[in-house]
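Values in this text are rule-based calculations from the coordinates and carry no lab data. Given the structure is predicted, the values throughout are model-derived calculations rather than measurements. FYI the Cβ positions are ideal-geometry reconstructions off the backbone, even for glycines, and counts take in every protein chain you see.
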Amino acid sequence: ETRILRVSEVNFDVIIDEAAEIIRKGGTVAFPTETVYGLGADGLNPDTVLKIFEAKERPPGNPLSLLVHSREDIKKVAKNIPEKALLLMDTFWPGPLTIVLEKKDTVPEITSGNLPTIGLRMPDHRIPLELIKRAGTPLAAPSANLSGKPSPSLAIHVLADLAGRIDAVIDGGGTAIGLESTVVDLTVEPPVVLRIGAVGIGELEKVIGKIRPTYAGAEYGSGKLMPEKQAGQKYSHYTPNTQVVLVEGKSEEKVSEQIGILLEEHVSKGQKAGLLLSDETAGFFTAEELNVHDCFLLGSRKEPEGAAKRLFEGLRTLDAAGLDVILADGSFSHSGLGAALINRLREAASVRHFV
Ligand code: TXA
Ligand code: MG
């Protein structure tokens, strides 16, 4: 049975103490961070880390990262820390940046997926920070979803996937960002960005100079060449069971026109199509069209922050609607969180159109 711990101003201390005790006793607790909900356990104890792999049905070789509360924690788990890593911590911590460093032997092999490295992040959220402090150990904390499902941005997403499989979930409301952290590997030169999140390539380069992006969509423009997969990237991100067709382009008119053509095609074959749209693109469809087809609106294409927050909820909702295809709008601005948003859409899509 999974306990649901609803946190408020009044009971914060009691709830965090309860959760910390579960962790200290070797249990698993899901909690919000500023990116997505994480599933935490004592990251230095192989037996408790195994529980995370089992609950998520995560492939054993896929490395977990550790959430830390202070710079002191880092010295316990990482070695040969380069100057650039310290600069990134100064600039972006606490925040949505996971930094991959050489690991010490204190980190069990199961945690790092047998890699000689470990990803570290200091979250910008009071619940995990206080939980790590009171549990007295860095927490192994992957996203709190079943392997192969989208990351959870709400506690109900965690329960949908993991109820009965974990000891507790702290319900702290929706997550502020809604997409997972940027992951940067500092054990290689130039450093490599393995996953794009709220911290952008330009922001990183301002602090540490040249870096090499290797995530899907880093090559925006051609949209064709995919870089080779790096360690820790073997396991692809979420792909819905329903086929996703992504239509990218700068013109909302052209994108909506192409989505309209695809919609016609599927409907004429007697198929059920769902729509994942920006407000602007939705404006080109009639109210009736939006009504007949399952439609999930992500907000304005000029505000990728809002769309990022709603993306995983949208994919979960449409994937559960028994559709033959999801037609997704890729016309969102690439600035700010837009790069990460487009990356997740590309990961989810099996067919991509550029108009
Ligand atoms: O925002 C986040 O990072 C969230 C919250 C909960 O902190 N966590 C998260 O964890 O997304 P997870 O395990 O779902 O994703 C971590 C990513 C995975 O793609 C993993 O393969 C990669 O980071 N990773 C972790 N450790 C690595 C390592 N030592 N080397 C290369 N990649 C690593
Ligand atoms: Mg994950």
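Using the rule -39500 (n - 2.57) for each DSSP H run of four or more residues, divided by the residues of the chain, the 222 nm mean residue ellipticity is -10000 deg cm²/dmol. Under the criterion of Cα pairs below 8 Å and six or more residues apart, the relative contact order for the chain equals 19 percent. A simple packing score, the average count of other Cβ atoms within 10 Å per residue, orders the peptides 305-318, 159-172 as 305-318, 159-172, with the highest score first. Summarising the amide proton neighbourhood of Gln243: residues at separation of 5 or more, or on other chains, whose placed amide H is nearer than 5 Å comprise Ile326. The dipole here belongs to region 3-212: it is taken about the Cα centre, uses +1 on the Cβ of Lys and Arg and -1 on the Cβ of Asp and Glu, and is about 280 debye.
Legend: residue pairs Lys25/Lys104; Lys25/Lys103; Lys250/Lys302, Cα-Cα distance threshold 18 Å; pairs beyond threshold, Lys25/Lys104; Lys25/Lys103. What residue among Ile211, Leu297, Gly249 has its Cα farthest toward the positive end of the dipole of the chain, where the charges are +1 on Lys, Arg and -1 on Asp, Glu, each on the Cβ? Highest projection toward the positive end goes to Ile211.
Once the Cβ-Cβ distance of Ser147 and Ser350 is raised to the sixth power relative to R0 = 22 Å, the FRET efficiency obtained is 0.70.
One Cα centroid belongs to region 105-183, the other to region 18-40; the line between them spans 7 Å. Under a Cβ-Cβ cut-off of 11 Å, what is the net charge of the residues other than Arg3 that fall near it, where Lys and Arg count +1 and Asp and Glu count -1? With Lys, Arg at +1 and Asp, Glu at -1, the net is -3.
A Förster distance of 22 Å, applied to the separation of the beta-carbon atoms of Ala287 and Ala160, puts the FRET efficiency at 0.15. May I ask which residue of Ala160, Pro108, Phe12 lies farthest towards the positive end of the charge dipole of region 3-212, with charges of +1 (Lys, Arg) and -1 (Asp, Glu) on Cβ and the Cα centre as origin? Of the listed residues, the answer is Pro108. What does the net charge come to around Asp47 if you take all other residues with beta carbon closer than 12 Å to its beta carbon, with K and R at +1 and D and E at -1? So the environment of Asp47 carries a net charge of 0. Extending 7 Å from the Cα toward the beta-carbon at both Ser268 and Thr317 defines two label points whose distance is 3.0 nm. About its Cα centre, the dipole of the chain is roughly 920 debye, where the only charges are +1 on Lys and Arg Cβ and -1 on Asp and Glu Cβ.
A cut-off under 10 angstrom between Cβ atoms defines the neighbours of Gly338, and their net charge, with Lys, Arg +1 and Asp, Glu -1, is 0.
Taking the charge dipole of the chain about its Cα centre, with +1 at Lys and Arg Cβ atoms and -1 at Asp and Glu Cβ atoms, the residue from Thr48, Ile81, Ala321 reaching farthest to the positive side is Ile81. Most tightly packed first, judged by the mean number of other beta-carbon atoms within 10 Å of their residues, the peptides 280-292, 196-208, 40-52 read 40-52, 196-208, 280-292. Amide H to amide H distances under 5 Å link Val100 with Leu120, Val184, Asp185, Leu186, where only residues 5 or more positions off or on other chains count and H is placed in the peptide plane.
One chain, two ends: Lys76 and Asp47. Fully extended at 0.36 nm per residue, the span grows by 8.5 nm beyond their Cα-Cα distance.
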